(Lines give C-alpha, C1' and ligand atoms only; values in the text may rest on other atoms or scores of the structure.)
Protein backbone atom coordinates (compact mmCIF):
# COMPACT_ATOMS: atom_id res chain seq x y z
CA UNK A 1 0.00 0.00 0.00
CA UNK A 2 1.62 3.29 -1.05
CA UNK A 3 1.27 6.60 0.78
CA UNK A 4 -1.37 7.89 -1.63
CA UNK A 5 -3.55 4.87 -0.95
CA UNK A 6 -2.89 5.29 2.77
CA UNK A 7 -4.16 8.88 2.70
CA UNK A 8 -7.16 7.86 0.60
CA UNK A 9 -7.89 5.14 3.13
CA UNK A 10 -7.98 7.69 5.92
CA UNK A 11 -10.27 10.01 3.99
CA UNK A 12 -12.60 7.10 3.30
CA UNK A 13 -12.98 6.05 6.93
CA UNK A 14 -16.62 5.20 7.61
CA UNK A 15 -18.60 6.80 10.39
CA UNK A 16 -16.77 5.08 13.21
CA UNK A 17 -19.46 5.74 15.79
CA UNK A 18 -21.67 3.21 14.02
CA UNK A 19 -19.23 0.35 14.50
CA UNK A 20 -19.20 -1.95 17.50
CA UNK A 21 -17.41 -0.55 20.52
CA UNK A 22 -17.45 3.07 19.26
CA UNK A 23 -20.85 4.23 20.49
CA UNK A 24 -19.37 6.52 23.13
CA UNK A 25 -19.49 9.61 20.91
CA UNK A 26 -22.76 11.03 22.32
CA UNK A 27 -21.41 10.95 25.88
CA UNK A 28 -18.30 12.86 24.84
CA UNK A 29 -20.23 15.30 22.68
CA UNK A 30 -22.64 16.21 25.50
CA UNK A 31 -19.90 16.91 28.03
CA UNK A 32 -18.58 20.41 28.70
CA UNK A 33 -15.35 19.23 27.12
CA UNK A 34 -14.73 19.32 24.23
CA UNK A 35 -16.68 22.32 23.01
CA UNK A 36 -14.35 23.21 20.13
CA UNK A 37 -11.70 21.72 17.87
CA UNK A 38 -8.63 19.96 19.28
CA UNK A 39 -5.13 20.28 17.85
CA UNK A 40 -2.87 17.24 17.54
CA UNK A 41 0.66 18.56 17.03
CA UNK A 42 3.05 16.37 15.03
CA UNK A 43 6.56 17.83 15.44
CA UNK A 44 7.73 16.59 12.03
CA UNK A 45 6.76 17.12 8.39
CA UNK A 46 4.25 14.74 6.77
CA UNK A 47 5.46 11.29 5.76
CA UNK A 48 7.22 10.04 8.88
CA UNK A 49 6.23 7.66 11.66
CA UNK A 50 4.56 10.23 13.92
CA UNK A 51 2.45 11.49 11.03
CA UNK A 52 1.56 7.90 10.11
CA UNK A 53 0.22 7.35 13.63
CA UNK A 54 -1.51 10.70 13.96
CA UNK A 55 -3.79 10.86 10.95
CA UNK A 56 -5.96 7.74 11.32
CA UNK A 57 -6.21 8.23 15.10
CA UNK A 58 -7.22 11.88 14.66
CA UNK A 59 -9.86 10.87 12.13
CA UNK A 60 -11.35 8.36 14.55
CA UNK A 61 -11.32 10.89 17.38
CA UNK A 62 -13.28 13.36 15.25
CA UNK A 63 -16.32 11.11 15.60
CA UNK A 64 -15.67 9.87 19.13
CA UNK A 65 -15.25 13.34 20.61
CA UNK A 66 -17.83 15.12 18.48
CA UNK A 67 -15.33 17.84 17.55
CA UNK A 68 -12.66 18.16 14.83
CA UNK A 69 -9.21 16.87 15.78
CA UNK A 70 -6.82 18.75 13.52
CA UNK A 71 -3.32 17.38 12.81
CA UNK A 72 -0.81 20.22 12.72
CA UNK A 73 2.70 19.44 11.43
CA UNK A 74 5.26 21.62 13.22
CA UNK A 75 8.62 20.34 11.98
CA UNK A 76 12.06 21.63 12.83
CA UNK A 77 15.04 21.04 15.15
CA UNK A 78 14.55 17.27 15.12
CA UNK A 79 11.11 17.63 16.71
CA UNK A 80 12.07 20.13 19.43
CA UNK A 81 9.98 22.99 18.01
CA UNK A 82 6.69 21.09 17.96
CA UNK A 83 7.43 19.31 21.24
CA UNK A 84 8.10 22.66 22.87
CA UNK A 85 4.93 24.20 21.50
CA UNK A 86 2.85 21.34 22.92
CA UNK A 87 4.64 21.42 26.28
CA UNK A 88 3.87 25.12 26.70
CA UNK A 89 0.25 24.91 25.49
CA UNK A 90 -2.62 25.64 27.85
CA UNK A 91 -3.43 22.47 29.84
CA UNK A 92 -7.09 22.50 28.85
CA UNK A 93 -7.32 19.33 26.74
CA UNK A 94 -7.38 21.18 23.43
CA UNK A 95 -3.74 20.48 22.53
CA UNK A 96 -2.06 17.09 22.38
CA UNK A 97 1.22 15.90 20.94
CA UNK A 98 1.88 12.84 18.77
CA UNK A 99 5.63 12.45 18.92
CA UNK A 100 8.48 9.93 18.80
CA UNK A 101 11.02 8.55 21.27
CA UNK A 102 13.32 11.49 20.55
CA UNK A 103 11.04 13.62 22.74
CA UNK A 104 12.89 12.24 25.76
CA UNK A 105 16.43 12.95 24.56
CA UNK A 106 16.18 16.38 22.93
CA UNK A 107 16.33 18.32 26.23
CA UNK A 108 19.51 16.43 27.18
CA UNK A 109 20.93 17.04 23.69
CA UNK A 110 20.30 20.77 24.11
CA UNK A 111 22.21 20.79 27.39
CA UNK A 112 25.13 18.89 25.84
CA UNK A 113 25.20 21.45 23.04
CA UNK A 114 25.11 24.38 25.44
CA UNK A 115 21.69 25.57 24.28
CA UNK A 116 18.55 26.22 26.29
CA UNK A 117 15.96 23.50 25.79
CA UNK A 118 12.59 24.49 24.37
CA UNK A 119 10.90 22.15 26.87
CA UNK A 120 11.51 19.57 29.60
CA UNK A 121 9.90 16.16 29.94
CA UNK A 122 8.42 17.31 33.25
CA UNK A 123 6.11 19.56 31.19
CA UNK A 124 4.58 16.62 29.31
CA UNK A 125 2.24 13.89 30.54
CA UNK A 126 2.23 10.57 28.63
CA UNK A 127 -1.30 9.64 27.54
CA UNK A 128 -1.05 6.57 25.28
CA UNK A 129 1.38 4.71 23.04
CA UNK A 130 0.11 4.02 19.53
CA UNK A 131 3.01 2.40 17.61
CA UNK A 132 6.32 0.80 18.53
CA UNK A 133 8.34 -0.47 15.59
CA UNK A 134 11.88 -1.82 15.56
CA UNK A 135 14.09 0.38 13.43
CA UNK A 136 15.76 -1.08 10.34
CA UNK A 137 18.94 -0.06 8.51
CA UNK A 138 18.18 0.60 4.85
CA UNK A 139 20.25 1.55 1.79
CA UNK A 140 19.34 2.10 -1.87
CA UNK A 141 18.78 -1.09 -3.88
CA UNK A 142 21.51 0.15 -6.23
CA UNK A 143 24.09 0.37 -3.40
CA UNK A 144 27.01 -2.08 -3.54
CA UNK A 145 26.46 -3.30 0.05
CA UNK A 146 24.59 -6.57 0.35
CA UNK A 147 25.16 -6.89 4.11
CA UNK A 148 26.13 -4.90 7.19
CA UNK A 149 29.62 -6.42 6.90
CA UNK A 150 29.94 -4.95 3.39
CA UNK A 151 28.89 -1.51 4.62
CA UNK A 152 31.21 -1.60 7.63
CA UNK A 153 34.18 -2.68 5.51
CA UNK A 154 33.56 0.13 3.01
CA UNK A 155 33.09 2.70 5.78
CA UNK A 156 36.37 1.66 7.39
CA UNK A 157 38.15 1.94 4.06
CA UNK A 158 36.56 5.33 3.35
CA UNK A 159 36.00 7.11 6.69
CA UNK A 160 33.56 10.01 6.53
CA UNK A 161 32.65 9.36 2.90
CA UNK A 162 29.43 7.31 3.22
CA UNK A 163 26.44 9.50 4.13
CA UNK A 164 23.35 8.75 6.18
CA UNK A 165 20.25 10.85 6.67
CA UNK A 166 18.23 11.51 9.81
CA UNK A 167 15.23 13.39 11.14
CA UNK A 168 17.53 15.98 12.74
CA UNK A 169 20.40 16.31 15.21
CA UNK A 170 19.88 13.96 18.17
CA UNK A 171 16.55 12.88 16.70
CA UNK A 172 15.30 9.31 16.58
CA UNK A 173 17.07 8.38 13.37
CA UNK A 174 20.33 10.07 14.39
CA UNK A 175 20.55 8.31 17.76
CA UNK A 176 19.88 4.87 16.28
CA UNK A 177 22.52 5.29 13.57
CA UNK A 178 25.00 6.66 16.11
CA UNK A 179 24.48 3.51 18.18
CA UNK A 180 25.44 1.44 15.14
CA UNK A 181 28.42 3.50 13.97
CA UNK A 182 29.84 3.65 17.52
CA UNK A 183 29.48 -0.10 18.00
CA UNK A 184 31.00 -0.81 14.57
CA UNK A 185 33.84 1.68 15.05
CA UNK A 186 33.13 3.48 11.77
CA UNK A 187 32.82 7.10 10.70
CA UNK A 188 29.87 7.95 8.46
CA UNK A 189 28.80 11.47 7.44
CA UNK A 190 25.56 12.52 9.13
CA UNK A 191 23.16 14.63 7.02
CA UNK A 192 20.24 15.90 9.15
CA UNK A 193 16.84 16.75 7.63
CA UNK A 194 13.69 18.30 9.07
CA UNK A 195 11.99 14.96 9.63
CA UNK A 196 11.89 11.28 8.74
CA UNK A 197 9.79 11.92 5.61
CA UNK A 198 12.34 14.28 4.00
CA UNK A 199 15.19 11.98 5.05
CA UNK A 200 13.51 9.02 3.35
CA UNK A 201 12.89 11.12 0.23
CA UNK A 202 16.60 11.98 0.21
CA UNK A 203 17.55 8.30 0.43
CA UNK A 204 15.21 7.28 -2.38
CA UNK A 205 16.47 10.22 -4.45
CA UNK A 206 20.13 9.32 -3.93
CA UNK A 207 21.12 12.34 -1.82
CA UNK A 208 22.20 10.07 1.06
CA UNK A 209 23.34 6.45 1.12
CA UNK A 210 21.85 5.00 4.30
CA UNK A 211 19.04 5.57 6.77
CA UNK A 212 17.55 4.11 9.92
CA UNK A 213 13.77 3.95 9.60
CA UNK A 214 10.64 2.31 10.91
CA UNK A 215 9.35 -0.31 8.45
CA UNK A 216 6.04 1.43 7.75
CA UNK A 217 7.26 4.47 5.78
CA UNK A 218 9.46 2.21 3.62
CA UNK A 219 6.55 0.24 2.21
CA UNK A 220 5.84 2.40 -0.87
CA UNK A 221 9.53 2.18 -1.89
CA UNK A 222 10.23 -1.54 -1.47
CA UNK A 223 11.66 -1.96 -4.97
CA UNK A 224 14.06 0.96 -4.53
CA UNK A 225 15.56 -0.01 -1.18
CA UNK A 226 17.51 -2.81 0.49
CA UNK A 227 17.16 -3.56 4.22
CA UNK A 228 20.42 -4.74 5.80
CA UNK A 229 19.61 -5.20 9.50
CA UNK A 230 16.99 -4.74 12.21
CA UNK A 231 17.66 -2.78 15.39
CA UNK A 232 15.09 -4.77 17.40
CA UNK A 233 15.79 -7.67 19.74
CA UNK A 234 13.72 -9.77 17.33
CA UNK A 235 13.49 -9.67 13.56
CA UNK A 236 10.94 -7.25 12.14
CA UNK A 237 7.71 -8.93 11.02
CA UNK A 238 7.90 -7.00 7.75
CA UNK A 239 11.43 -8.32 7.09
CA UNK A 240 11.66 -11.84 8.57
CA UNK A 241 14.75 -12.71 6.50
CA UNK A 242 16.73 -9.68 7.72
CA UNK A 243 19.02 -10.34 10.73
CA UNK A 244 19.08 -8.21 13.86
CA UNK A 245 22.19 -6.31 14.85
CA UNK A 246 22.40 -8.53 17.92
CA UNK A 247 22.48 -11.61 15.68
CA UNK A 248 25.36 -9.96 13.82
CA UNK A 249 27.32 -9.50 17.05
CA UNK A 250 26.38 -5.93 17.93
CA UNK A 251 24.96 -6.70 21.37
CA UNK A 252 24.36 -3.09 22.44
CA UNK A 253 22.62 -1.95 19.25
CA UNK A 254 18.89 -2.00 19.99
CA UNK A 255 16.43 0.76 19.13
CA UNK A 256 12.70 1.19 18.57
CA UNK A 257 10.75 4.02 16.99
CA UNK A 258 7.62 4.44 19.03
CA UNK A 259 4.90 7.00 18.51
CA UNK A 260 2.75 8.15 21.38
CA UNK A 261 0.42 10.87 22.60
CA UNK A 262 1.31 13.38 25.30
CA UNK A 263 -0.57 16.22 26.98
CA UNK A 264 0.74 19.37 28.66
CA UNK A 265 1.02 18.71 32.39
CA UNK A 266 -1.99 20.02 34.28
CA UNK A 267 -4.89 18.87 32.10
CA UNK A 268 -7.84 18.24 34.44
CA UNK A 269 -8.12 14.57 35.35
CA UNK A 270 -11.71 14.13 34.04
CA UNK A 271 -10.68 15.57 30.66
CA UNK A 272 -7.55 13.42 30.59
CA UNK A 273 -9.58 10.31 31.36
CA UNK A 274 -12.17 11.06 28.66
CA UNK A 275 -9.45 11.66 26.11
CA UNK A 276 -7.58 8.53 27.16
CA UNK A 277 -10.72 6.42 26.80
CA UNK A 278 -11.40 7.88 23.35
CA UNK A 279 -7.83 7.24 22.21
CA UNK A 280 -7.99 3.62 23.39
CA UNK A 281 -11.21 3.10 21.47
CA UNK A 282 -9.79 4.80 18.38
CA UNK A 283 -6.55 2.80 18.30
CA UNK A 284 -8.43 -0.50 18.65
CA UNK A 285 -11.11 0.35 16.09
CA UNK A 286 -11.12 -2.00 13.08
CA UNK A 287 -10.60 0.83 10.60
CA UNK A 288 -7.57 2.32 12.38
CA UNK A 289 -6.06 -1.14 12.91
CA UNK A 290 -6.53 -1.92 9.23
CA UNK A 291 -4.95 1.35 8.06
CA UNK A 292 -1.92 1.00 10.34
CA UNK A 293 -1.40 -2.67 9.49
CA UNK A 294 -1.65 -1.94 5.76
CA UNK A 295 0.94 0.80 6.22
CA UNK A 296 3.30 -1.73 7.82
CA UNK A 297 3.03 -0.49 11.42
CA UNK A 298 0.46 -2.43 13.47
CA UNK A 299 -0.77 -0.75 16.67
CA UNK A 300 1.20 -1.30 19.88
CA UNK A 301 -1.17 0.36 22.33
CA UNK A 302 -0.33 1.18 25.93
CA UNK A 303 -2.57 3.09 28.32
CA UNK A 304 -1.44 6.03 30.44
CA UNK A 305 0.07 3.99 33.28
CA UNK A 306 1.83 1.53 30.99
CA UNK A 307 3.11 4.24 28.68
CA UNK A 308 4.36 6.39 31.56
CA UNK A 309 6.45 3.48 32.86
CA UNK A 310 7.64 2.60 29.36
CA UNK A 311 8.74 6.19 28.63
CA UNK A 312 10.70 6.37 31.89
CA UNK A 313 12.62 3.15 31.16
CA UNK A 314 13.22 3.85 27.46
CA UNK A 315 14.26 7.45 28.13
CA UNK A 316 16.98 6.42 30.57
CA UNK A 317 18.57 4.19 27.92
CA UNK A 318 18.27 6.80 25.16
CA UNK A 319 19.70 9.62 27.25
CA UNK A 320 22.80 7.47 27.81
CA UNK A 321 23.11 7.04 24.04
CA UNK A 322 22.90 10.80 23.48
CA UNK A 323 25.51 11.40 26.16
CA UNK A 324 27.76 8.95 24.32
CA UNK A 325 27.31 10.93 21.08
CA UNK A 326 28.34 14.08 22.94
CA UNK A 327 28.39 17.56 21.49
CA UNK A 328 27.98 17.70 17.73
CA UNK A 329 30.00 20.53 16.24
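Here are the numbers for this structure:
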read-out: Some residue of region 119-141 being over 15 Å from the mean Cα position of the chain (by Cα), assigned to a loop (DSSP other than H, G, I, E, B) and touching a residue at least 40 places away in the same chain (Cβ under 8 Å); value: yes
read-out: Within region 37-54, considering residues that are surrounded by 24 or more Cβ atoms within 10 Å (Cβ to Cβ) and modelled with pLDDT under 90, the one farthest from residue 276 (Cα to Cα); value: 48
read-out: Checklist (1) over 30 Å from residue 204 (Cα atoms); (2) assigned by TED's automatic domain parsing to the domain that holds residue 204 applied to residue 270, failing item; value: (2)
read-out: Members of region 60-79 found to be touching a residue at least 40 places away in the same chain (Cβ under 8 Å), assigned to a helix (DSSP H, G or I) and either out of contact with any strand residue (DSSP E or B) (no Cβ under 9 Å at 6 or more places or on another chain) or surrounded by fewer than 23 Cβ atoms within 10 Å (Cβ to Cβ) (or both), listed by number; value: 63, 64, 77
read-out: Positions within region 212-227 being buried (at least 24 other Cβ atoms within 10 Å of the Cβ) and either more than 18 Å from the chain's Cα centre (by Cα) or closer than 18 Å to residue 328 by Cβ (or both), in sequence order; value: 212
read-out: Residue tally, condition under 22 Å from the mean Cα position of the chain (by Cα) and surrounded by fewer than 18 Cβ atoms within 10 Å (Cβ to Cβ), over region 247-271; value: 2
read-out: Unique match (being part of a loop (DSSP other than H, G, I, E, B), touching a strand residue (DSSP E or B) at 6+ places or on another chain (Cβ under 6 Å) and closer than 28 Å to residue 303 by Cβ) among 266, 232; value: 232
read-out: Residue, nearest to the chain's Cα centre (by Cα), within region 301-329, restricted to residues that are outside any helix (DSSP H, G or I) and surrounded by fewer than 17 Cβ atoms within 10 Å (Cβ to Cβ); value: 303
read-out: Hits in region 243-260 (condition: assigned to a loop (DSSP other than H, G, I, E, B) and over 8 Å from residue 229 (Cβ atoms)); value: 246, 247, 249, 250, 251, 252, 253, 254, 255
read-out: Odd one out for residue 228, checked against (1) touching a helix residue (DSSP H, G or I) at 6+ places or on another chain (Cβ under 9 Å); (2) at pLDDT 90 or above; (3) under 22 Å from residue 80 (Cα atoms); value: (3)
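Here is a yes/no grid of residues against (1) modelled with pLDDT under 90; (2) surrounded by fewer than 16 Cβ atoms within 10 Å (Cβ to Cβ); (3) in a helix (DSSP H, G or I); (4) in contact with a strand residue (DSSP E or B) (Cβ under 7 Å, 6 or more places away or on another chain):
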position	(1), (2), (3), (4)
151	no, no, yes, yes
160	no, yes, no, yes
165	no, no, no, yes
170	yes, no, no, no
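The values are calculated or read from the model by the stated rules, or taken from the named source; none is laboratory data. If you're wondering where the values come from, they're calculated on a predicted model, not measured in any experiment. With ideal geometry, Cβ positions are generated from the backbone for all residues, glycine too; neighbour counts draw on all protein chains shown.
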